[in-house]
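*Asks:* Pasting in a structure now, in structure tokens, and then I'll have a few things to ask.
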Amino acid sequence: MRVFLTGATGFIGSAIVPELINAGHQVLGLTRSDAGTRSLVAAGAEAHRGSLEDPESLRSGAAASDGVIHCAFDHSAFGGNDFSKFLEVCEKDRRAIDALGDALRGSDRPLVITSGTGMGNAAPGQPANEDHFDPDHPNPRRLSEVAGAAVSERGVNVSVVRLPQVHDTVKQGLITYAVQVAREKGASAYIGEGLNRWPAAHVLDVARLYRHALEKRDAGSRYNAVAEEGVSMREIAEVIGRGLKVPVVSLSQQEAQAHFGWLAMFVSYDMPASSAQTRRRLGWRPTGPGLIADLEQMLWPEAVTH
């Protein structure tokens, strides 16, 4: 297939490009810059100039392709103290999915969109699963799946890949920000006993799952890109502490806000997720290193001295 890939120069997208090409597909990658164009061409892909803010560039890229993988997301809401911007970037993602759907309406060309495993949490303490989705979920990331359902009703073949903490030895999703906080504060923290869990998967396994989802063309399917159902926050904090050579401390819920800032709401969540159905439907078998193994192999920066 000729595949239009948004987020093609990002952390996950840059792993999807060779995954698709090595499987015999052609890649048309969305980029807004000359540097992105050079990167895509060097990787064997074709560049398509545009951005999430330019719906016409999304429509034209989708129209020129046999299928679409949409993994771009504006991460500008992460890392600041004004997390209200998260709703804005989720609204932007909703509009992007709507534009991509416009170009694919009435065809069987697949559109694979991206969400988070937290959208599948049916009950506290139970692993999120692929069947569950609450359109009124308090997390604004729900808007991506709401948009997917809306374009599906217009005759578009939509499936969803739900992401956990996606990692290698350089980046680890929200854990990358936890490392930054620990470095700045001089302590690596968890809340309470630190028994709450985050699911995880290596970036190369995630890239392979996107390809499987695209090739499967199973409209309405949701896939959890989960290799590890749940790694405890205490384990994560301990490996960060060892890496930065800083103390590991337990905080109360009240103390967490001052320490973690915007990240506090996520650090307190228990978010285990299952990929049992995903593995069964797609024959996906993750083989990459685990989250703790990748964290242990990081090149750790020096902690800030106060």
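The values are calculated or read from the model by the stated rules, or taken from the named source; none is laboratory data. Worth saying up front: this structure is predicted, and the values here are computed from it rather than measured. All Cβ positions, even for glycine, are placed from backbone atoms using ideal geometry, and neighbour counts span all protein chains on display. Only protein heavy atoms, including side chains, enter the accessible area calculation; ligands, DNA and RNA are left aside. Shrake-Rupley method; radii C 1.70, N 1.55, O 1.52, S 1.80 Å.
*Asks:* Considering only DSSP beta bridges where both residues belong to the chain, give the percentage that are antiparallel (nearest 5). Intermediate values should be presented prior to the final figure.
*Replies:* Values: 4 of 36 bridges.
Percent antiparallel among DSSP bridges in the chain is about 10.
*Asks:* Oh, and also: Between their Cα atoms, which of LYS171/LYS245; LYS92/LYS171; LYS85/LYS245; LYS85/LYS171 are more than 28 Å away from each other? Please list the in-between numbers first.
*Replies:* Numbers: LYS171/LYS245 19 Å; LYS92/LYS171 24 Å; LYS85/LYS245 33 Å; LYS85/LYS171 22 Å.
Check vs 28 Å cut-off fails for LYS85/LYS245.
*Asks:* Now for a separate question. Leaving out ligands, DNA and RNA, and with a 1.4 Å probe, what % of the accessible surface on segment 172-235 is carbon or sulfur?
*Replies:* Here it works out to 43 percent.
*Asks:* Project the alpha carbons of segment 232-301 onto their principal axes and report the range along each, largest first, in whole Å.
*Replies:* 43, 28, 17
*Asks:* Please report, as a whole percent, how much of the solvent-accessible surface of segment 83-142 comes from carbon and sulfur atoms (probe radius 1.4 Å).
*Replies:* Numbers: 1220 of 2550 Å².
The computed percentage sits at 48.
*Asks:* For every helix of n ≥ 4 consecutive DSSP H residues, a contribution of -39,500 (n - 2.57) applies; sum these over the chain, divide by its total residues, and give [θ] at 222 nm rounded to the nearest 500 deg cm²/dmol.
*Replies:* Value at 222 nm, helices only, nearest 500: -12000 deg cm²/dmol.
*Asks:* Then there's this: With just the Cα atoms defining each centre, how far is segment 86-147 from segment 159-234? Give it in Å.
*Replies:* The two parts, judged by their Cα centres, are 17 Å apart.
*Asks:* Something else now. Once a ≥ b ≥ c are taken as the square roots of the eigenvalues of the Cα gyration tensor of segment 116-222, is the result rounded (a/c under 1.5), prolate (a/b larger than b/c) or oblate (a/b not larger than b/c)?
*Replies:* Numbers: a/c = 2.43, a/b = 1.69, b/c = 1.43.
Prolate is the answer for segment 116-222, as a/c is 1.5 or above and a/b outweighs b/c.
*Asks:* Considering only the other residues whose Cβ falls under 14 Å of the Cβ of ARG222, what net charge follows from Lys and Arg at +1 and Asp and Glu at -1? List each step's numbers first, then the result.
*Replies:* Values: positive: ARG141, ARG142, ARG162, LYS216, ARG279, ARG280, ARG281; negative: GLU130, ASP131, ASP134, GLU145, ASP218.
My count for the surroundings of ARG222 gives +2.
*Asks:* Report Rg/Rh for segment 1-151, rounded to two decimals, where Rg is the Cα radius of gyration and Rh the Kirkwood radius.
*Replies:* Details: Rg = 15.8 Å, Rh = 16.1 Å.
Here Rg/Rh amounts to 0.98.
*Asks:* Further, regarding this structure: Return the tail of the calculated pair distribution for segment 201-265, meaning the percent of Cα-Cα pairs more than 14 Å apart. Display every interim value, and only then the final one.
*Replies:* Working: 1505 of 2080 pairs.
Of all Cα-Cα pairs in segment 201-265, 72 percent lie more than 14 Å apart.
*Asks:* First check a/c for segment 106-159, with a ≥ b ≥ c the square roots of the eigenvalues of its C-alpha gyration tensor; if it is under 1.5, answer rounded, and if not, answer prolate when a/b is larger than b/c or oblate otherwise.
*Replies:* Numbers: a/c = 2.81, a/b = 2.13, b/c = 1.32.
Prolate, since a/c reaches 1.5 and a/b exceeds b/c.
*Asks:* Whenever you get a sec, compute what percent of the accessible area on segment 1-77 sits on carbon and sulfur atoms (1.4 Å probe).
*Replies:* 49
*Asks:* Just to confirm, what accessible area per residue do you get for the chain at 1.4 Å probe, in whole Å²?
*Replies:* Numbers: 12980 Å² over 306 residues.
So the chain comes to 42 Å² accessible per residue, rounded to a whole number.
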